[in-house]
Protein chains: 2
Amino acid sequence: MINMMKEALGRQLIIDAWGCKNLDNDDLVKNMLEESAKACHATLLSVHTHLFSPQGISGVAIIAESHISIHTWPEHSYAAIDIFTCGKEVEPYNAVGVIKRIFSPEKITLHEIKRGVPEDESENG
Amino acid sequence: MINMMKEALGRQLIIDAWGCKNLDNDDLVKNMLEESAKACHATLLSVHTHLFSPQGISGVAIIAESHISIHTWPEHSYAAIDIFTCGKEVEPYNAVGVIKRIFSPEKITLHEIKRGVPEDESENG
């Protein structure tokens, strides 16, 4: 019964960053997506951003290992970032250094969610 | 001290769907993204999908209210779906009916995360 830990199919790192700079800079948001993919050893497939009026940017990078997303609220100096990865070669936490360098957050919180954890069959076995 | 509940900037509905059909059908994955946006009363801005070899699809819809994402593992009949919204006009749970209709999951789990909850200042006030 030891080592019954189930492998998740994916890992989702939920990042909330407060006190950020540069949240209305499309080039820097794209840089964050591209450089985060690289830092995590992910394979970048495409990057899409949308600029809102009067402010705010949504951006998504599709990576071979799932996605990286960002939504910015410059009026609150806040960004919501997800690093969703699968596979053992990819390290989502490596994106945190990129986020700190580009947005200089005063505060950052990290929560990891496992996605696609097979149902525990141990109660039946 | 009553009604000190802080408003979140965003709501993220985390959906894990097991026992799904149609997970390798790009048209249906796009339909799910488009119809979920409509059902949630969100404004669709763009849809992007990527088909993997030998199987699996990643798809993202950028909506004016944040994003909808899906990653499918047909070999596990599993899909990881996020409905990330902001604003009071949008109802992310309305996507669940669309997901059930298109993928016919045998089991579906929902978890809601609040994003961008301002730090609680009540301890200082």
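Against the conditions (1) touching a residue at least 12 places away in the same chain (Cβ under 8 Å); (2) more than 11 Å from chain A (Cβ to nearest Cβ), B:HIS71 satisfies every one except (2). With respect to being out of contact with any helix residue (DSSP H, G or I) (no Cβ under 8 Å at 6 or more places or on another chain) and within 10 Å of chain A (Cβ to nearest Cβ), B:ASP82 fits the description. When the test is whether a residue is closer than 17 Å to B:LYS21 by Cα, of a type in the set (D, E, K, R) and without any contact (Cβ under 8 Å) to a residue 12 or more places away in the chain, B:LYS100 passes it.
Being in a strand (DSSP E or B), crowded, with 23+ Cβ neighbours inside 10 Å and within 14 Å of chain B (Cβ to nearest Cβ), is that true of even one residue in region A:22-30? Explain how you work it out, then say what you get.
Going through region A:22-30, the residues in a strand (DSSP E or B) turn out to be none.
Looking for residues that are in a strand (DSSP E or B), crowded, with 23+ Cβ neighbours inside 10 Å and within 14 Å of chain B (Cβ to nearest Cβ), one finds none in region A:22-30, hence no.
The selection criterion, being surrounded by 23 or more Cβ atoms within 10 Å (Cβ to Cβ), in contact (Cβ under 8 Å) with a residue 24 or more places away in the chain and among the aliphatic types (A, V, I, L, M), holds for A:ALA17. For region B:34-47, indicate whether the set of residues that are within 14 Å of another protein chain (Cβ to nearest Cβ), over 18 Å from B:ARG101 (Cα atoms) and not aliphatic (A, V, I, L, M) is non-empty. Checking region B:34-47: at least one residue is within 14 Å of another protein chain (Cβ to nearest Cβ), over 18 Å from B:ARG101 (Cα atoms) and not aliphatic (A, V, I, L, M). Here B:SER58 fulfils each of the conditions (1) at the interface with chain A (Cβ under 8 Å from one of its Cβ atoms); (2) surrounded by fewer than 19 Cβ atoms within 10 Å (Cβ to Cβ); (3) free of Cβ contacts under 8 Å to residues at least 40 places away in the same chain apart from (2). Restricting attention to region B:61-94, the residues that are of a type in the set (A, V, I, L, M), more than 17 Å from B:TRP18 (Cβ to Cβ) and crowded, with 24+ Cβ neighbours inside 10 Å add up to 5.
Throughout, read-outs are computed from the coordinates displayed, never taken from laboratory work. All values reported here derive from a predicted model rather than from experimental measurement. Backbone-built Cβ (ideal geometry, glycine too); neighbour counts: all protein chains shown.
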